[in-house]
Amino acid sequence: MPWELPSLVGTDVAVAGLEELDVLASLDRIIRDIKSPYTQVMALEHSIYLKNCLLRDTDWAGMAHSVEIRTPLVDSVLFAQLAAAGHGRVTASYRKADWAETPAKSLPTAVKVRAKSGFDVPIREWLMNGDVDGAQERGRRGWAKRILRSNVGPETRASVVGMEARW
């Protein structure tokens, strides 16, 4: 926080840095031409909090687990087109259908009216269809045995067979 900077970098450096940064002027540049308070907050969140915190944290978490994360509705060009289409009137009542109207070439009707769908990881199928040595063994135990066998080298296979006997 600004009041903590002097103890970290010294008063002269903190004051000079804060003056150069000019946080209030930066915030004002973002919302200067926006009339609606709701849209001002939206623009500040999009420009600062989303970019400097949420997207950074999402990227870090995804990379930490080797997961590619896509965030299609945070595109700044799309946001600007939506704001322009609404004549600067981005409100809480905007629907996803409004976002679908922003591309120059309209999305197909089938895409616009399709039912909501999520992203499912097929864990149930993984757990229920574990094939261990040709024999179906349902549930987590079969899945765990399959994963264990596929991830051990020949030198540890004998101890794995011994562990399975205890299971």
Residue list for the range 53-72, filter: in a helix (DSSP H, G or I) and either at pLDDT below 85 or on the phi > 0 side of the Ramachandran plot (or both): P72
Residue satisfying condition, being more than 17 Å from A80 (Cβ to Cβ) and at pLDDT below 90, within set Y38, Y49: Y49
Test for E45: is it of a type in the set (D, E), surrounded by 11 or more Cβ atoms within 10 Å (Cβ to Cβ) and part of a helix (DSSP H, G or I): yes
Only one of these is under 28 Å from the mean Cα position of the chain (by Cα) and either exposed (fewer than 14 other Cβ atoms within 10 Å of the Cβ) or at pLDDT below 90 (or both): R89, R32. Name it. R89
Meets criteria (outside any loop (DSSP other than H, G, I, E, B) and either at pLDDT 80 or above or surrounded by 13 or more Cβ atoms within 10 Å (Cβ to Cβ) (or both)) for A83: yes
Conditions (1) of a type in the set (F, W, Y); (2) modelled with pLDDT under 70; (3) part of a helix (DSSP H, G or I) -> Y94 fails only (3)
If you go through the range 1-36, how many residues are of a type in the set (K, R) and assigned to a loop (DSSP other than H, G, I, E, B)? 2
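The values are calculated or read from the model by the stated rules, or taken from the named source; none is laboratory data. Note that this is a predicted model, so its numbers are computed, not measured. As a convention, Cβ positions derive from the backbone with ideal geometry for all residues, glycine included, and neighbour counts pool all protein chains shown.
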